[in-house]
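What follows is one structure encoded as structure tokens, with my remarks underneath.
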Amino acid sequence: MTAEAGPIAVTTRGAAGPYQVLVGRGLLGSLATLLEEYAPAHRYALVSDSNVALLYGEPTINRLKDAGLNAELFTFQAGERSKSRAMWSELTDRLLHAGFGRDSCLIAMGGGVTGDLGGFVAATYMRGIPVVQVPTSLVAMIDASIGGKTGVDVEAGKNLVGAFHAPNLVVADPNVVATLPRVERAQGMIEAVKHGAIMDEAYFDELDREMPALLDGDAASLERAVARSVELKSSVVSEDEREAGRREILNFGHTLGHAIEAACSFLVPHGTAVACGMILEARLGVSLGVTDPGVVERLEEVLGRVGLPTGIPDGATPNDIMVYLSSDKKVRQGRTRFVFLSRIGAVHLADGSWSQPVEEDAVLSLVKPEATAF
Ligand SMILES: NC(=O)c1ccc[n+]([C@@H]2O[C@H](COP(=O)([O-])OP(=O)(O)OC[C@H]3O[C@@H](n4cnc5c(N)ncnc54)[C@H](O)[C@@H]3O)[C@@H](O)[C@H]2O)c1
Ligand SMILES: [Zn+2]
């Protein structure tokens, strides 16, 4: 891992070809030059939520205009509720009224909500215009901006309507994490811990050591962590943009995590549910004899440093968790499939598959209150 400052470039391959993910402190200041190089367009639509627009919208638009680019800011109300068909419809109408054509480029500057919503607008606007992702939350830098998944939530569930639409470029500037609330930084760190747990023990140990600095928003530590997570996630999604094979390992902690989120009616943040899911799935792996027993303790230690609760939330009853688990798309023939660690830094591979089917009883005994008390 490099110690010097400056952009780190990671090449990610999407179905439509490779794209660069640039990570570096201060990169937002060079956005105009980067756009001209990687995504030249007649007009730019900068899409941001109300929080990010307030902090970075006007300065960014002004810098783009100063560089001679034709750019306009489009904002929407911050929050997951805006990741909707209604907001997709509103934004596409606003772009149409403003006369944006096929030769335009959309810049999605914000957290994962902006990336998913803005990306989906770009995927569908005039049958698809280029998008540049400028992630400003840690969740977006570490996870959401890489891999080309875009979409909106619908009544039947989250992310059920969308498209694969890889960006032309991703620009991640860790300096902007300074304004991100600490609880949001913690949410991003959960996904970083997952990357270390499934692919890179040295990174896992580094996150362990640097967690206080990362949560404090130390830009140098964040730059290293974001770059490593981007490398790791890119290596998986580049092989497998449409999730047929190894991309599955990214589901570690998410099978139970999603069921817990749903059982709490999404009142618990995603990262918190996934932290709990990773610990439970590690326990399940130990009980099935595929996961090294020390893994649970290591996960509990590192996730404990993130400072979020890691137990099953009060609102999630074992029954509800089981109901949502059985409606998961990973269920085949009544048995849910799980991704298991063999040790920290490696996923268990059996019979050529990165996930293993588990009987309902084994999971039920794990999520009962008496089973989680040890
Ligand atoms: N496409 C994917 O592969 C993928 C992967 C993971 C998550 N997601 C999606 O991402 C979303 C969650 O992302 P999120 O946690 O970034 O949520 P978010 O976009 O709502 O951002 C969280 C909060 O932080 C604020 N914020 C963002 N950057 C800021 C900054 N620099 N300074 C101050 N405030 C800032 C936002 O305004 C918001 O209030 C979910 O909808 C999830 O489904 C998508
Ligand atoms: Zn996740």
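The values are calculated or read from the model by the stated rules, or taken from the named source; none is laboratory data. Since we're looking at a predicted model, the values are computed, not measured. Glycine gets a Cβ as well: all are built from the backbone with ideal geometry, and neighbour counts include every protein chain shown.
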Hey, residue 190 hits all of (1) more than 11 Å from ligand 1 (Cβ to nearest atom); (2) in a helix (DSSP H, G or I) but one; which does it fall short on? (1)
Could you say whether any residue in the stretch 83-103 is touching a residue at least 60 places away in the same chain (Cβ under 8 Å) and closer than 20 Å to residue 141 by Cβ? yes
On the given criteria, is residue 237 among the β-branched types (Val, Ile, Thr), within 12 Å of ligand 1 (Cβ to nearest atom) and either surrounded by 18 or more Cβ atoms within 10 Å (Cβ to Cβ) or closer than 24 Å to residue 19 by Cα (or both)? yes
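Rundown of residues vs (1) in a helix (DSSP H, G or I); (2) under 23 Å from the mean Cα position of the chain (by Cα); (3) closer than 14 Å to residue 109 by Cα, yes/no style:
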residue	(1), (2), (3)
13	no, yes, no
20	no, yes, no
40	no, no, no
55	yes, yes, yes
58	yes, no, yes
64	yes, no, yes
State whether the residues of the stretch 116-127 include one that is within 15 Å of ligand 2 (Cβ to nearest atom) and either in contact (Cβ under 8 Å) with a residue 60 or more places away in the chain or closer than 30 Å to residue 341 by Cβ (or both). yes
Considering the stretch 150-197, residues that are within 13 Å of ligand 2 (Cβ to nearest atom) and modelled with pLDDT under 95, and then whichever is surrounded by the most Cβ atoms within 10 Å (Cβ to Cβ), we arrive at 158
Set 13, 81, 25, 63: member being among the charged types (D, E, K, R) and at pLDDT below 95: 13
Quick check on this structure: which one of 213, 227, 220 is surrounded by fewer than 18 Cβ atoms within 10 Å (Cβ to Cβ) and either in contact with an Asp or Glu (Cβ under 9 Å, 6 or more places away or on another chain) or touching a residue at least 60 places away in the same chain (Cβ under 8 Å) (or both)? 220
In this structure, does residue 94 turn out to be in contact with a helix residue (DSSP H, G or I) (Cβ under 7 Å, 6 or more places away or on another chain), farther than 30 Å from residue 267 by Cα and more than 13 Å from ligand 1 (Cβ to nearest atom)? no
Scan the stretch 331-368 residue by residue and report those that are touching a residue at least 60 places away in the same chain (Cβ under 8 Å), over 14 Å from residue 288 (Cβ atoms) and part of a loop (DSSP other than H, G, I, E, B). 344, 345, 354
Just the residues that are part of a loop (DSSP other than H, G, I, E, B) and either in contact with an Asp or Glu (Cβ under 9 Å, 6 or more places away or on another chain) or crowded, with 19+ Cβ neighbours inside 10 Å (or both), please, taken from the stretch 69-99. 69, 77, 78, 79, 83, 98
